[in-house]
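Nothing in this text is a laboratory measurement; each read-out follows from the coordinates by a stated rule. Small disclaimer: the values here were computed from a predicted structure and weren't measured. Positions of Cβ are generated from backbone atoms using ideal geometry, with glycine treated the same way; all protein chains shown enter the neighbour counts.
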Ligand SMILES: [Zn+2]
């Protein structure tokens, strides 16, 4: 009996295991061994397509773990180039990538980690014109953007396209994350109906972020994606998870669908996508 | 009613850096008025000119959104925990 045959014998979902290569079985063995995953779950991950919006503090750790886990297709959206002040937290970019588009730098690392998956870079800024076309090819969207206009655009486009997504936001030592399955649970506008007007949020210079806080939230987003793809566990639907690094506290707040929600309520007022004015990048 | 109020990072400048403060009030409206006496300016950050909660800030009493309780008339009791949660966009 070959070594692989022995290994196959230990793992569940024998039929599905046969659809994995020996290399895949070895690469993913530490998660295939989990009863919640097995060969069946690994096939599901390999067939899942995830769009990560933003290759920054949230998108980097999130995409890294998705690639490691063998999520079969990862789309990356970002219009920016790598800057020195990004490297403190955006772990997909290295010093030698300075000046390169973030999507190319990120793709280089993800493919080096896992050549078994497909990584598709989108070097563009999402707008009301292009977002629905970009998200169409994916099963799940991760919002790791860094500004309110994009966040509301992502929410509205996902609700109007009935696309599940995971939202996270970070500032200084605080983080928030929620998973949104349109119409099943509340959306981001159910929680916060409108973006803040200019002047109501701390200025770009005042804001700051601890790199590790971005890592915590990005990895939570990756975990939500993997659970969604596997159909296992409870997602953060209708739950806003609020993290504070200084206290090292996690609190889950209950969020309900809002009948007056501008986009998913009974009488929606947002029926077309809006490009809000950019007033501050809270990076 | 004396309750614990959790202050988000963006408002901690107004509470001398405190993450948690204690305040009193029969309901949320009175609580915010009292908070503003102790920490001037905080009400203006949470509520608009007409005194309504801003649309990018929510208040929770023990994990429940006051918009689905009695809004700013939500009654408070000793030991309640109130959280002020603003939208944050960094990434
Ligand atoms: Zn909604």
For chain A, share of DSSP beta bridges that run antiparallel, in % to the nearest 5: 45
In degrees between 0 and 90, to the nearest 10, how far off the longest principal axis of chain A does helix A:148-160 point, with axes built from Cα atoms? 60
Equivalent-ellipsoid semi-axes of the stretch A:29-164, from the Cα gyration tensor, Å, largest first: 24, 20, 11
Using only Cα atoms, tell me the angle between helix A:211-230 and the longest principal axis of chain A; keep it within 0 to 90° and round to the nearest 10. 60
Once the stretch A:18-96 is represented by equal point scatterers at the alpha-carbon sites, with solvent omitted, what log10 I(q)/I(0) does the Debye formula produce at q = 0.11, 0.22 Å⁻¹? -0.37, -0.94
For the stretch B:43-91, just the Cα set please: Rg and Dmax, both in angstrom. 11.6, 37
Summing -39500 (n - 2.57) over every DSSP H run of at least 4 residues in chain B and dividing by its residue count gives a helix-only mean residue ellipticity at 222 nm, to the nearest 500 deg cm²/dmol, of -4500 deg cm²/dmol
Given Cα pairs under 8 Å that are at least 6 residues apart, what percent is the relative contact order of the stretch B:3-86? 39
Relative to the longest principal Cα axis of chain A, at what angle does helix A:38-47 sit, 0 to 90 degrees, rounded to 10? 50
Provide, in order from the shortest bin, the percent of all Cα-Cα pairs of the stretch A:31-279 in each 5 Å bin, continuing until the bin that contains the maximum pair distance. 1, 6, 14, 18, 20, 18, 13, 6, 2, 1, 0
Which of A:217, A:235 has the fewest Cβ neighbours within 10 Å, and the rest in rising order: A:235, A:217
If the viscosity is 1.306 mPa s and the temperature 10 °C, what Stokes-Einstein diffusion coefficient in µm²/s follows for the stretch B:3-86 when Rh is the Kirkwood radius over Cα pairs? 127
Here Rg/Rh (Cα, Kirkwood) for the stretch A:138-283 equals 0.95
Only helical DSSP H runs with n ≥ 4 go in: add -39500 (n - 2.57) per run for chain A, normalise by residue count and round the 222 nm mean residue ellipticity to 500 deg cm²/dmol. -9500 deg cm²/dmol
